[in-house]
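The values are calculated or read from the model by the stated rules, or taken from the named source; none is laboratory data. On a predicted model such as this, the values are computed, not experimentally measured, just so you know. Backbone-built Cβ (ideal geometry, glycine too); neighbour counts: all protein chains shown. The accessibility values were calculated without ligands, DNA or RNA, using every heavy atom of the protein model including side chains. Shrake-Rupley method; radii C 1.70, N 1.55, O 1.52, S 1.80 Å.
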Amino acid sequence: MTDKSLAIWALVFCCFTHAFYSQKLNDQKCRLDSSELRGSTLPGDTIIGLIFPIYLDRIYPEIYFTETPPKTLCTMFAENYQILQTALFTVEQINNDPNLLPNVTLGIQMYDTCDTPHLALQGTLQVMTGLDSAIPNYRCLQETPLTAIVGASHSTHSIAMAHILGLTRHPQISQFSTSPILSDQTKFPSFFRIVPSDTFQSDGLARLVLYYGWSWVGLLAADNDYGQYGIQLVKQELIKAGACVEYMENILMSQPDRNAPHIIRVIKRSTSKVVVVFCNDADLMPVLNEWMKHNVPKKVLIASDAWSITNIFSIRKYSDLLSGTIGFAFSSGTLPGLKEFLNNIDPSVSFGKEWTKIFWEQTFNCTYAPGGNISASQPDPTVKQCTGTESLENIQNIYTDVSNLRHSYNIHTAVHVVANALEDLRRCQPGKGTFSLSICADKQNYMPWQVLHYMKRVRFRLNSGRELFFDENGDSPAVYDIVNWQLTTEGLLYQAKVGSYDTSSREIFTINTSSILWPIEDYQVSQCSKSCPPGFRKATKIGQPMCCYECVPCGPGEISNQTDSVSCSKCPWDEWPNLENSQCLPKTVEYLSYEDTLGAALTVMSLGSFLVPITVMRLFIRHKNSPLVKANNYYISCLLLISLSMCFLCPLMFIGYPRHETCLLRQVVFGMTFALSISCVLAKTVIVIFAFMATKPDLRKWINPKVSYMVILNCSFLQLSLCIAWLSLTPPFPQANTQSKVAIIIIECNEGSPFAFWTMLSYLFLLASISFIVAFLARRLPDSFNEAQFITFSMLAFLSVWISYIPASLSAQGKYTVAMEIFAILASSWALIICMFFPKCFIILFQPEMNSREYLARRSVIRK
């Protein structure tokens, strides 16, 4: 046999020996009674254990006492006593219901924890034992099985209890514990609850904060399981949604003042207007008392379920501070007959007789005579004696108030869950069971794990219409009422339902803002920084939370059409932001149109100018046989006039919506017409030079008119060749220019090759320069009608116009660039026609005597 086998057998032997002697010892202890009585038992065929506080170890001298009582005194809380009576009411209803657990009487074993963890553990062991003493792992009442334990009220207590009950698989169902830790079925396999986990409440509280756009909040929580886990979940949900937490403070349970002075200092200097408070009412009271001592601005308080419907703060002392509070509360329903049951209690009842007498003393401000009765106070001749015949019907207090049954309704539901699970167990038909081999549980002596099995599968409908069941974590569906603390006409606080949070509904979160009374006027705004309007984006400040930001205007071409935009978006290429940068508007389309004032003026100028060379040509045709016209080469002059008329019509191709055809031809037409015009002028200049050099025999042949036409043809052909190459390689095309002007789309012609355009223009400049130089050298030749002078002035004007055009066109944009070119075309054309033809027209029309052979001969003699 190995060492491992020996160790196992030794362990088994020790356990058997310990169990044998322990059972004998426990049988002896089961016959003893404890001197400390904290429980009460209602006999029945099966027992339901109740573990929750009737007394509270936290006392409220401001509410119940004129003088501070001893710190060791546990104070009975009337609301908890109502919960106990509701449990009795529910058990009585079930026992009288022929359809639920017929022939079975439910009993109760109640243990008062006085709201302390160690008593909750002691009560758990005592209820499991079955008597007034706690014997671990032993039940004295073998004939009366323990069906389940209902409790505890606090999550911390329930966790401690669940560790013990989970070992023996005793079903535990809590009516008030909400900690998410308890959803872990691996650690707490026998735990159930009829209230939702704080996971759902935290999500709901975060939704409530975000629904109103509160992105800058403070968090306050008790430093226990309930507060810390709950507030951490709220913080995670808020941060996930983009909100920020200004501060998170803890209500320290270990300190008598609960750290209230420090908490109030933090709240006082904070800028957030919303505080989420995750604790119970008793722990919050020191903070509220400290709050009222200082001049702290009012805040919107968001209450967790542990204090959102408490009656402790219903007195006028807290009405101004707590009015407007919004909180999550457990869903409730009505309990017909409960009010009558509560009013009919009698101090002589057997179950909880001692608790009832103390409640009676507190309610009617009387005392029972000594003699074995438990009393909260010593007999005093000045205090009236209780008779037990006092009536509760005319008493208005927390106990008799059935308008808000959320806590009592929970205990009612918990007892019904146990009863329904037991009913399912008892309805099992032999051979059709759910356990192995299809067996059923022993209906008289069932095991705890068998009840646990049916607890997991329980499903029934409450009288409120809501269906109750448990998921794989032992959690019931999350249903909350959203309540708002409002003032009555008497100045008392009450909780008005203003919305709901129901995970089983299609619309999970609903709230009626119009029915809420807010504590402050500017409740809508709780932000570290003011909201950024449309047209701005948020820029986080360095070293501060993301909710503390600056509003930065959107850049050029960007918009933000929502409040508090994180980034700006670019407008499409054909749109541009409005002045507020809040929306994209279609960009203005710009081109030199006929409807435009500038375009219309240039059109009129172009058409009007076109008539001038036509009129001059008609005048020359009429006087073509006159000496003046003949001396100036009639045919070349007509060709020059025709080209100038075409130059005046060129601007019409620059005006209007740029199309492919016009873009392709307009610069070419401009270049060719001006090349023809300058070539004609150059031909005239060359003829003048050759005419005065004709005295030499070898130069006489250059006077032939064909030379002039060859000059015109060759010069024009070079320009034509350049234009053909331009159109073949990189032809112009229309384009939408969005770069020159940010808010305007300029419809223009892309020249295809700027080099080709400036080369064409440079060629015209070269022709004009040659004509200018040649004419300047021949300006003093003796002739009555020497054109060299007029050509010099015309070329000087032509060159001046186009030299000025270069910087002007480079500085202009859009339609003004086109207008500058049109103006240069018209101006240079006018320079040619004025300098070349107006002096001749003046002589023809107004000085006809100068247009004769005699005048020409006389002028020639004079010059010689």
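Okay, here's what the table says:
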| item | result |
| --- | --- |
| Single condition Val616 does not satisfy, out of (1) within 20 Å of Phe846 (Cα to Cα); (2) open to solvent by less than 40 Å² (accessible area, probe 1.4 Å); (3) not in a helix (DSSP H, G or I) | (3) |
| Qualifying residue in region 549-560 (condition: part of a loop (DSSP other than H, G, I, E, B), touching a Ser or Thr at 6+ places or on another chain (Cβ under 7 Å) and at pLDDT below 90) | no |
| Filter pass, Ser740 being of a type in the set (S, T, N, Q) and outside any helix (DSSP H, G or I) | yes |
| Close pairs from region 592-619: first touching a residue at least 12 places away in the same chain (Cβ under 8 Å), partner open to solvent by 20 Å² or more (accessible area, probe 1.4 Å) and among the small types (Gly, Ala, Ser), Cβ under 7 Å, at least 6 apart | Tyr594/Ala600 |
| Residue that is open to solvent by 30 Å² or more (accessible area, probe 1.4 Å), not in a loop (DSSP other than H, G, I, E, B) and not small (Gly, Ala, Ser), where the choices are Ile149, Ile159, Ile164, Ile173 | Ile164 |
| Residue in region 568-595 that is farthest from Ile655 (Cα to Cα), counting only those that are open to solvent by 80 Å² or more (accessible area, probe 1.4 Å) and part of a loop (DSSP other than H, G, I, E, B) | Glu580 |
| For Lys187: the one exception among (1) touching a Pro at 6+ places or on another chain (Cβ under 7 Å); (2) open to solvent by 40 Å² or more (accessible area, probe 1.4 Å); (3) not in a helix (DSSP H, G or I); (4) not polar (S, T, N, Q) | (1) |
| Count - residues of region 623-661 that are open to solvent by less than 10 Å² (accessible area, probe 1.4 Å), within 15 Å of Cys841 (Cβ to Cβ) and part of a loop (DSSP other than H, G, I, E, B) | 1 |
| Residues being open to solvent by less than 10 Å² (accessible area, probe 1.4 Å) and not hydroxyl-bearing (Ser, Thr, Tyr) - total across region 195-230 | 18 |
| From the options Ser794, Ser800, residue that is at pLDDT 85 or above, in a helix (DSSP H, G or I), more than 30 Å from Gln735 (Cβ to Cβ) and touching a Cys at 6+ places or on another chain (Cβ under 6 Å) | Ser794 |
| Yes/no for Phe690 being aromatic (Phe, Trp, Tyr) and at pLDDT 85 or above | no |
| Leu664 vs. criteria open to solvent by 40 Å² or more (accessible area, probe 1.4 Å), touching a Leu at 6+ places or on another chain (Cβ under 8 Å) and assigned to a helix (DSSP H, G or I) | yes |
| So Gly130, is it buried (at least 19 other Cβ atoms within 10 Å of the Cβ), among the small types (Gly, Ala, Ser), modelled with pLDDT of 80 or more and within 30 Å of Phe313 (Cβ to Cβ) | no |
| Phe470 vs. criteria farther than 23 Å from Trp216 by Cα, open to solvent by less than 40 Å² (accessible area, probe 1.4 Å) and not charged (D, E, K, R) | yes |
| Flag if Val275 is farther than 15 Å from Ser526 by Cα and among the hydrophobic types (A, V, I, L, M, F, W, C) | no |
| Meets criteria (in a helix (DSSP H, G or I), at pLDDT below 90 and more than 24 Å from Gly814 (Cα to Cα)) for Ala675 | no |
| Residue that is in a loop (DSSP other than H, G, I, E, B), without any contact (Cβ under 8 Å) to a residue 60 or more places away in the chain and either touching an Asp or Glu at 6+ places or on another chain (Cβ under 9 Å) or on the phi < 0 side of the Ramachandran plot (or both), where the choices are Gln527, Gln544 | Gln544 |
| Selected residue (criterion: modelled with the lowest pLDDT) from residues of region 339-373 that are among the β-branched types (Val, Ile, Thr) and under 21 Å from Gly39 (Cα atoms) | Val349 |
| Subset of region 260-280 [of a type outside the set (Val, Ile, Thr) and surrounded by 20 or more Cβ atoms within 10 Å (Cβ to Cβ)] | Ala260, Ser272, Lys273, Phe278, Cys279, Asn280 |
| In region 533-567, residue most open to solvent (accessible area, probe 1.4 Å) [restricted to those that are of a type in the set (Lys, Arg) and closer than 18 Å to Gly213 by Cα] | Arg537 |
| Given (1) assigned to a loop (DSSP other than H, G, I, E, B); (2) open to solvent by less than 60 Å² (accessible area, probe 1.4 Å), number of the condition Ile411 does not satisfy | (1) |
| Complete set of residues in region 620-651 that are in contact (Cβ under 8 Å) with a residue 60 or more places away in the chain and of a type in the set (Val, Ile, Thr) | Val629, Ile636 |
| Matching residues, region 489-508, being assigned to a strand (DSSP E or B), of a type outside the set (Ser, Thr, Tyr) and open to solvent by 30 Å² or more (accessible area, probe 1.4 Å) | Gln495, Lys497, Asp502 |
| Ser514 being in a loop (DSSP other than H, G, I, E, B) and under 25 Å from the mean Cα position of the chain (by Cα) | no |
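Yes or no, residue by residue, for (1) under 35 Å from the mean Cα position of the chain (by Cα); (2) assigned to a helix (DSSP H, G or I); (3) under 26 Å from Trp214 (Cα atoms); (4) among the acidic types (Asp, Glu):
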| site | (1), (2), (3), (4) |
| --- | --- |
| Arg258 | no, no, no, no |
| Ile263 | yes, yes, yes, no |
| Ser272 | yes, no, yes, no |
| Val276 | yes, no, yes, no |
| Trp291 | yes, yes, yes, no |
| Lys298 | yes, no, yes, no |
| Ile302 | yes, no, yes, no |
| Ser308 | yes, no, yes, no |
| Asp346 | no, no, no, yes |
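A quick yes/no check of all residues on (1) in contact with a helix residue (DSSP H, G or I) (Cβ under 9 Å, 6 or more places away or on another chain); (2) modelled with pLDDT of 90 or more:
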residue: Tyr805; (1), (2): yes, no
residue: Ala808; (1), (2): yes, no
residue: Gly814; (1), (2): no, no
residue: Glu821; (1), (2): yes, yes
residue: Leu826; (1), (2): yes, yes
residue: Trp830; (1), (2): yes, yes
residue: Ile833; (1), (2): yes, yes
residue: Gln847; (1), (2): no, no
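Residue by residue, here is whether (1) farther than 23 Å from Ile302 by Cβ; (2) touching a Lys or Arg at 6+ places or on another chain (Cβ under 9 Å) holds:
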{"residue": "Ile135", "(1), (2)": "yes, yes"}
{"residue": "Cys140", "(1), (2)": "yes, yes"}
{"residue": "Thr147", "(1), (2)": "yes, no"}
{"residue": "Val150", "(1), (2)": "yes, no"}
{"residue": "Ser179", "(1), (2)": "no, no"}
{"residue": "Gln185", "(1), (2)": "yes, no"}
{"residue": "Ser197", "(1), (2)": "no, no"}
{"residue": "Trp216", "(1), (2)": "no, yes"}
